[in-house]
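Read the figures in this text as sums done on the coordinates, not as results from a lab. Worth saying up front: this structure is predicted, and the values here are computed from it rather than measured. Positions of Cβ are generated from backbone atoms using ideal geometry, with glycine treated the same way; all protein chains shown enter the neighbour counts.
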Amino acid sequence: MTRLVLIIFIQLLYVPMLTLRTICMVKNLKVLTGFFGFMEALVYIFGLAMVLSGDQSILEMVVYAVGFAAGLTLGIYIEQKLAIGFTSIQVNIEQENPTLIEVLRKEGFGVTVYMGEGKFGKRTNLDILTKRKSEKNLLKIIEEYEPKAFIMSFEPKMFRGGYLTEMMNGRLKKKSIKPEQSEKEIKSVIEKTVEEIKNETVTLKNDWFDQ
């Protein structure tokens, strides 16, 4: 019985790390990918390798599978709570709502407004990029002012320039490369990677700790 409990416990440590590492890898988050990858390997070496050494019974195999499934669910839940990354929200409303736009901008959201043509006439579209942890507050505001709005969201892998980038990375001064610069002056791949990791670390720190 103790062995079965230990298998489930270790799976609930190992599989969430695996899940978070995969999610961060897809999001191109180098620091978090490395961290969760390290923790994943550590738990596997000192945990599963010890528990699964030797012959296993059918029951232990079933418990292993159950623990793996539960670990995947737990990993996704943890990632949702961490709210890593950003969300692009597209809001489609019947007509322009200056009050909603003003409130969103006062709350710190970057809003781009443009007109579109729908089946029943002209529509107003709002294009909003926000941190995932602010998504619930954003949707709450939209629901308050435009309860019938059509809302679609997706996660951008990267973005560059614009209001939100300037707001978040004001402390991260990025140097632009002039066209006349020779190839020798362009940073090497290693230097670029180090700079990206540094910027990502500062961004995560500002996102999670500097509230």
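Please list 3J(HN,Hα) in residue order for region 57-62, calculated via the Karplus relation 6.51 cos²θ - 1.76 cosθ + 1.60 where θ = phi - 60°; whole Hz, with x for glycine and proline.
For region 57-62, the Karplus-derived couplings read 7, 4, 4, 5, 5, 5 Hz, x marking Gly and Pro.
Enumerate the amide H contacts of Leu129 below 5 Å, restricted to partners 5 or more residues apart or on another chain; note that Pro and chain-start residues carry no placed amide H.
Ile89, Gly110
Find the relative contact order for region 86-165 and round it to a whole percent, using C-alpha pairs within less than 8 Å whose residues are 6+ positions apart.
45 percent
Using every alpha carbon pair in region 86-165, what percent of pairs falls into each 5 Å bin from 0 up to the bin containing the largest distance?
With a bin width of 5 Å, the distribution comes to 3, 14, 29, 27, 16, 9, 2, 0.
Where nothing but the Cβ of Lys and Arg (+1) and of Asp and Glu (-1) is charged, how large is the charge dipole of region 84-135 around its Cα centre, in debye to the nearest 20?
180 debye
Could you sort out which of Lys81/Lys148; Lys27/Lys198; Lys140/Lys198; Lys27/Lys140; Lys106/Lys136 sit more than 24 Å apart by Cα distance in this structure?
Lys81/Lys148; Lys140/Lys198; Lys27/Lys140
In nm, what is the difference between 0.36 nm times the number of residues separating Ile58 and Thr112 and their Cα-Cα distance?
Additional length available on full extension: 13.7 nm.
Would you mind pulling out the separation of the Cα centroids of region 106-138 and region 30-50, in Å?
39 Å
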